[in-house]
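Okay, so here's the structure we're looking at.
The values are calculated or read from the model by the stated rules, or taken from the named source; none is laboratory data. From a predicted model like this one, the values you see are computed outputs, not experimental measurements. Glycine gets a Cβ as well: all are built from the backbone with ideal geometry, and neighbour counts include every protein chain shown.
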Amino acid sequence: MENIIKELQNQNNTIGAVTVYNWQQNQILYQSSEWDITQDLGTILSAWTESQPSILVQGVKYSTLQCTPERLICQNLQGQGSIVGANIQNRLIIISWVSAEGAPGDAYRDLTITLDKIKQAGY
């Protein structure tokens, strides 16, 4: 899976950190070494499910811009980037931090493509 994530980050260098989570198994399948959101994951998933107006990740507040069952896009209003998530049928979820220079919509598109590759690889 690490190679799939590296390919994603090479294609979109504004995607800095990534977590891949299997919701059915309640298991983190991959997490970037520089980004540990283990403590925040439950809060992120609850906020996503409940369409909360904001989330808190590693002590940084991100305001929710888009929240659907398939997509989560939250942005820090002080210019500290965005949190973007994609979800395949409440099974595989990918959550990423996107730099302030990045376009969250583009990141979401790239994350969905990456999730399909991860699914095809049998995860």
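Note on the range 30-55: residues that are in a strand (DSSP E or B) and surrounded by 14 or more Cβ atoms within 10 Å (Cβ to Cβ) total 3. The test for being in a helix (DSSP H, G or I), without any contact (Cβ under 8 Å) to a residue 24 or more places away in the chain and not hydroxyl-bearing (Ser, Thr, Tyr) does not hold for Asn13. So in the range 20-47, with the set limited to residues that are more than 16 Å from Asn87 (Cα to Cα) and of a type in the set (A, V, I, L, M, F, W, C), which one is modelled with the lowest pLDDT? Per the stated criteria, the residue is Trp35.
If the condition is being touching a residue at least 24 places away in the same chain (Cβ under 8 Å) and either farther than 14 Å from Leu8 by Cα or part of a loop (DSSP other than H, G, I, E, B) (or both), then the range 105-121 contributes Gly105, Lys119, Ala121.
Counting residues in the range 11-29 that are among the small types (Gly, Ala, Ser), within 22 Å of Ile118 (Cα to Cα) and surrounded by 14 or more Cβ atoms within 10 Å (Cβ to Cβ) gives one or more.
For the range 84-117, residues that are modelled with pLDDT under 95 and β-branched (Val, Ile, Thr) total 1. For the range 16-29, the set of residues classified as in contact (Cβ under 8 Å) with a residue 60 or more places away in the chain and either part of a helix (DSSP H, G or I) or not polar (S, T, N, Q) (or both) consists of Gly16, Ala17, Val18, Val20, Tyr21, Trp23, Leu29, listed by residue number. Of the listed requirements (1) in a helix (DSSP H, G or I); (2) surrounded by 15 or more Cβ atoms within 10 Å (Cβ to Cβ), Ile94 misses just one: (1). Taking the criterion of being of a type in the set (Ser, Thr, Tyr) and in a strand (DSSP E or B), the residues of the range 58-91 that qualify are Tyr62, Ser63, Thr64, Ser82. In the condition set (1) within 21 Å of Gln11 (Cα to Cα); (2) surrounded by 21 or more Cβ atoms within 10 Å (Cβ to Cβ), Gly102 is compliant with all but (2).
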